[in-house]
1. Return yes when I408 is closer than 21 Å to L263 by Cβ, open to solvent by 80 Å² or more (accessible area, probe 1.4 Å) and not assigned by the TED database to the domain that holds R251 and no when it is not.
2. Output the qualifying pairs, or none if there are none: Cβ atoms under 9 angstrom, residues six or more apart or on different chains, first residue in the stretch 36-60 and in a loop (DSSP other than H, G, I, E, B), second residue aliphatic (A, V, I, L, M).
3. Exactly one condition in (1) over 26 Å from the mean Cα position of the chain (by Cα); (2) under 15 Å from Q410 (Cα atoms) is not met by H368; state its number.
4. Pick from the stretch 278-296 the residues that are open to solvent by less than 50 Å² (accessible area, probe 1.4 Å) and of a type in the set (A, V, I, L, M, F, W, C): which of them is nearest to V245 (Cα to Cα)?
5. Please go through (1) open to solvent by less than 10 Å² (accessible area, probe 1.4 Å); (2) at pLDDT below 90 for L202 and return the number of the only condition it doesn't satisfy.
6. For residues that are aliphatic (A, V, I, L, M), open to solvent by 30 Å² or more (accessible area, probe 1.4 Å) and assigned to a helix (DSSP H, G or I), scanning just the stretch 355-381, find the one that is nearest to K329 (Cα to Cα).
7. Restricting the first residue to the stretch 375-392 and requiring it to be farther than 12 Å from R265 by Cβ, which pairs with a second residue that is outside any helix (DSSP H, G or I) meet a Cβ separation below 8 Å and a spacing of at least six or different chains?
Amino acid sequence: VENRPKYYGREFHGIISREQADEILAGVEGAYILRESQRQPGCYTLALRFGNQTLNYRLFYDGKHFVGEKRFESIHDLVTDGLITLYIETKASEYISKMTTNPIYEHIGYATLLREKVSRRLSRTKNESRKASVTSEENTPVEKITSLVRRAALTQNDNHFNYEKAHNFKVHTFRGPHWCEYCANFMWGLIAQGVRCSDCGLNVHKQCSKYVPNDCQPDLKRIKRVYCCDLTTLVKAHNTQRPMVVDSCIREIEARGLKSEGLYRVSGFTEHIEDVKMAFDRDGDKADISANIYPDINIIAGALKLYFRDLPIPVITYDTYSKFIEAAKISNPDERLEAIHEVLMLLPAAHYETLRYLMIHLKKVTLHEKENFMNAENLGIVFGPTLMRPPEDSTLATLNDMRYQKLIVQILIENEDVLF
């Protein structure tokens, strides 16, 4: 075949139709060829014979071969893994459908490990907290926490490990035979048999991952950095109420920078801000950001703003963004305040607590307006785009919403004692 793509071999048969591929493969179970689409040149299809019929899959290549989310070094590996999966799903479909009905997840494996971790943490807290937490741990399923209960819980330093977090599942290749930690059944396939949570290491079938509760307990060994890390993942991994970056920077700023002119508006040197970022990524809460190392408080303020900008999910999440914007558009001040309060209750607990703590701090900044010239409106201009971003990466949407972003933060600062 002329003009054969360099990453395909003798299995590539050029531009042929489905009917021609079916004729070539007829009667040979497990045989396969690759063809280029007649209607869409440059698009490739895997034709695979299984169950006395020819199955056609759109084929992709990005350095590895794939038809779905599993990626393979060679077409041969892809087909082998596909045949194993097709065979098991065909011959054992009834068994597979029953796999998630009687999970062992609650009794052994990861769930037991999670309970042990929580028990060790509880043993280090005061008795009242231990009793309350153990009760919530044992009474499953736990009812949805009301906003009132959550707000009360957030005032207790010992309740931070109750934050709910979904698992971060990624397709994974295991060495040797492996078993699902949800249903205890064998994980089949040649390559990429199942999925693994990249934050806590839980291994399950892809179909079982839909049933695993949002109880991920991130392992610090798996969290490689502080910046650019999901906010809830970071606080659960470090066993803190809020990201320690936020606590450390705000503590430093309140100790020596509240009267600094243009606080948060004046930029520090970019390379020094990057140094602070690297220090947190490397040393965590032991990072030294004192005046001895960084005398310019604007560097610490810049590092705090950078942390919020680098979050993969902003403090004001993508899910709540449009609701906040709609609330900001309400003309009646009392109704607007009530609408904003309702949307605040929709934020994940770790995001809510981080935002609450930041607003208390920014309110303190405004109390020194005579010295730092930063009122709630000025801080809203600075922090609006930092704390909230539209879900779609649209410059036009961002420009249209900027005044509402500013207004939201301004209202949060001015009314932090009422809203939180």
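1. The answer is no for I408.
2. S37/I15; Q38/I15; Q38/I16; P41/I15; C43/L59; G51/L86
3. (2)
4. F280
5. Result: L202 fails condition (2) only.
6. Here the residue is I381.
7. Close Cβ pairs satisfying both conditions: L387/P314; L387/V315; L387/I316; M388/P314; M388/V315; M388/I316; R389/P314.
Listed here are the residues, each with its yes/no results for (1) open to solvent by less than 50 Å² (accessible area, probe 1.4 Å); (2) among the β-branched types (V, I, T); (3) without any contact (Cβ under 8 Å) to a residue 12 or more places away in the chain; (4) under 18 Å from R282 (Cα atoms).
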site: R175; (1), (2), (3), (4): no, no, yes, no
site: N185; (1), (2), (3), (4): yes, no, no, no
site: Q193; (1), (2), (3), (4): yes, no, no, no
site: V212; (1), (2), (3), (4): yes, yes, no, no
site: K221; (1), (2), (3), (4): no, no, yes, yes
site: A237; (1), (2), (3), (4): yes, no, no, yes
site: R251; (1), (2), (3), (4): no, no, yes, no
site: L263; (1), (2), (3), (4): yes, no, no, no
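The values are calculated or read from the model by the stated rules, or taken from the named source; none is laboratory data. Remember, it's a predicted structure, so these values are computed and weren't measured experimentally. So basically every Cβ, Gly included, is an ideal-geometry build from the backbone, and we count neighbours across all protein chains shown. SASA here: full protein model, heavy atoms, side chains in, ligands and nucleic acids out. Shrake-Rupley method; radii C 1.70, N 1.55, O 1.52, S 1.80 Å.
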